[in-house]
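What follows is one structure encoded as structure tokens, with my remarks underneath.
Computed from the coordinates by the stated procedures, all read-outs in this text should not be read as laboratory data. Since this is a predicted model, take the numbers as computed values, not measurements. Neighbour counts are summed over all protein chains in view; Cβ atoms, including those assigned to glycine, are modelled from backbone coordinates with ideal geometry.
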Amino acid sequence: MPLCQPLFATALSLVVGVALGAQEAVPSNEMPAVFQPVQDTWDYTRRVELIPMRDGVKLRTVIFVPKCAKGAPILLTRTPYNAAERTAHVASSHLGPVLQGSDNVTDLILEGGYIRVVQDIRGKYGSQGDYVMTRPLQGPWNASAVDHSTDTYDTIDWLVKHLPESNGRVGILGVSYNGFLSLMGLVNPHPALKAAVPMNPMVDGWRGDDWFHHGAFRAQNLSYIYEQEATRANEERWWSNHLDDYDTFLRAGSTGELARQRGMEQLGFWRKILEHPAYDKFWQDQAMDRVLAAQPLKVPTLLVHSLYDAEDIYAAVAVWKALKPKDKTGTMLFMAMGPWNHGGHVHEGSSLGPLKFGQDTALQFRRDVLGPFLAQYLKDAPKADLPPVSAFETGTNAWRRLPGWPLAGEGAARPATPFYLGAGLKVQTTAPKAGEVAYDEYISDPAKPIPFRARPIQQVGYDGGLTWPQWLTDDQREASGRTDVVAYLSEPLAAPLKISGDPVANLVASTSGTDSDWVVKVIDVYPDEVPSQPALGGYQLMVSADIFRGRYRESWSTAKALKPNEPLVYRFALPAANHVFLPGHRVMVQVQSTWFPLYDRNPQTFVPNIFLAKPEDYRSATQRIYHAPGKASFVELPVVP
């Protein structure tokens with residue numbers, strides 16, 4: 001102690017030290033039981049409510065009411081992806097920056113003065129109850145008294161009774177899973193539900209959306225199932241030992257074995273997938289196009305489809321086909337399709353991958369289609385000038401007002417046009433002739449499956465620089481040069497070739513194995529040089545592509561072994577396309593038998609359940625694609641003038 005320090009100061013410091021020490025010995029909680037933010041300077045009020053459902057379970061609901069709101073409509077989104085996080089993009093006293101997350105069509109919300117409501121579904125994040133992946137409606141797969149339809153009804157009922165700033169009209173919208181939840185709201189809808197906008201909704205998990213495509217399992221979605229079901233708040237993270245997902249899946253063996261290594265037998269939905277690899281009643285009863293086809297169409301609905309949707313490319317078009325016959329007046333059902341990836345219409349939409357559209361297609365959709373639709377049905381705005389289908393036409397890069405969908409092919413007055421796979425690896429409009437080479441063949445080796453994009457293959461994701469959202473625009477040249485891919489090519493086109501509908505693959509093919517997958521890709525091949533965009537010289541752009549698991553050739557619900565070396569017909573639809581092949585471009589059709597690890601490998605030896613295949617089941621096979629009279633392979637293209 002310095003000699004110059006007064007003794008009384010030393011004594012005082014000792015006393016204070018003892019007092020402080022005593023206080024610190026028993027610290028008290030410095031947090032209030034409930035903190036109330038001071039919102040006086042905000043241009044909105046934020047409320048968090050626990051809304052009770054009919055069974056007593058309470059669902060966390062985040063509500064944003066503009067300060068000037070009076071007689072305002074409500075825009076509702078129900079989500080399994082954390083309502084609080086999706087409405088807290090940044091901390092701000094202004095509503096715009098707060099609502100920059102997915103599903104928030106912020107420009108329309110602000111301009112329209114809407115009350116914004118986002119809710120955690122039961123079992124996720126801040127909501128009570130049990131979580132079930134895409135919970136089925138009450139019935140054979142749900143014996144409880146509640147489902148997403150009843151939860152939507154109860155939520156809307158509470159909102160219109162407890163938000164005096166509203167006009168009593170509610171619209172529901174959402175992307176992907178949230179789009180599925182929007183469709184669920186159309187089942188026995190609440191009278192206050194006046195508009196629905198299902199965007200890229202999950203519709204049929206087996207036919208062509210998240211889990212399977214025509215029976216082939218979408219292996220890279222394992223990580224989604226893992227994280228979505230392991231914990232209420234998605235706190236468990238999928239892990240890997242490899243930079244390249246190709247190595248992760250290949251070295252594990254079967255997809256079922258990789259799931260076992262990650263402990264996924266603990267997850268209820270994964271056990272259901274293992275038990276239901278075929279299109280049985282489990283999948284059929286939950287397909288939302290089938291569900292809604294059995295319901296009256298009571299709510300004006302705008303379906304949103306993305307032409308480059310890597311997750312739910314089957315969905316919106318399937319619902320359109322199911323519901324259109326119910327729209328007798330032509331005023332209840334609309335569809336918009338644009339050149340977007342999954343959910344891309346709520347972001348900036350002037351390009352995707354290497355494609356440049358010369359305009360912000362997403363902004364145009366929100367301004368010219370979505371905004372007027374919502375205003376008409378949720379406010380006292382004039383009738384929107386909307387055609388039945390607002391479709392962006394890729395190739396010419398122009399919006400088209402269409403009278404319906406499809407314009408050609410199945411379900412349309414104009415028939416599709418067959419484009420034959422011919423001798424000499426040609427695409428032609430004339431049928432094969434006698435005397436020409438009868439088939440092309442390749443060896444499909446499951447030990448060396450064809451990567452679905454250039455390696456190293458990233459995990460599925462939308463953050464951290466991942467390029468998954470744009471893979472459908474990847475150049476297909478690498479595949480066309482492989483010996484286990486057959487690539488048929490037309491002559492350069494002398495005139496534009498426009499297709500508007502669903503291409504259909506008609507393969508006559510054989511395998512030396514007892515099971516096989518068939519991948520068919522319709523491709524727009526650019527001229528060798530493109531002066532305006534040199535990187536697109538010779539580019540091979542997929543226009544429509546899909547996979548079919550051969551064991552379901554005779555029945556989607558019952559797997560059956562294939563007869564080795566027997567030419568068999570495989571007919572299956574490809575995703576919708578609204579595209580113009582420009583003069584000088586060529587039409588290419590690629591055929592292959594693996595698309596990895598987007599889809600799990602077919603052992604090419606018939607086993608009862610591919611998820612349980614053993615290493616010795618995976619065998620090489622000789623594949624033949626036939627193009628002979630009576631055995632003609634072709635792709636039906638929905639050609640229109």
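Figures for the structure shown
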quantity	calculated
Gap separating the Cα centres of the range 58-109 and the range 591-641, nearest whole Å	46
Kyte-Doolittle mean at least 1.0, axial Cα span of 24 Å or more - DSSP H helices of the chain	7-25
Shape call, the range 120-197: gyration tensor on alpha carbons, a/c limit 1.5	prolate
Anisotropy class of the range 212-281 from Cα gyration tensor, a/c 1.5 cut	oblate
The range 293-320-the range 461-477 distance, computed between alpha-carbon centres (Å)	24
Cross-link pairs K272/K614; K194/K328; K124/K298 - those with Cα-Cα distance over 27 Å	K124/K298
Selection of chymotrypsin sites (Phe, Trp or Tyr not before Pro), the range 222-326, meeting DSSP coil and at most 12 other Cβ within 10 Å	W239
Rounded, prolate or oblate (a/c below 1.5 giving rounded, otherwise prolate when a/b exceeds b/c) for the range 23-136 by Cα gyration tensor	oblate
Cα-centred dipole magnitude for the chain, charges only on beta-carbon of K, R (+1) and D, E (-1), debye, nearest 20	1340
Sorted by Cβ density within 10 Å, fewest first, the residues V175, V34	V34, V175
Translational diffusion of the chain, µm² s⁻¹ [Kirkwood Rh, Cα pairs; Stokes-Einstein; 25 °C; 0.890 mPa s]	92
Sparse-neighbourhood loop sites, GluC sites (Glu not before Pro) in the range 189-247 - DSSP loop, at most 11 other Cβ within 10 angstrom	E235
Reachable lysines from K521, criterion Cα separation under 21 angstrom, eight or more residues apart if same chain	K426, K448, K498, K631
Convex hull of Cα atoms in the range 417-640, direction-averaged projection (nm²)	13.5
Stretchable slack from T483 to R401, in nm (0.36 nm times residue separation minus alpha-carbon distance)	25.3 nm
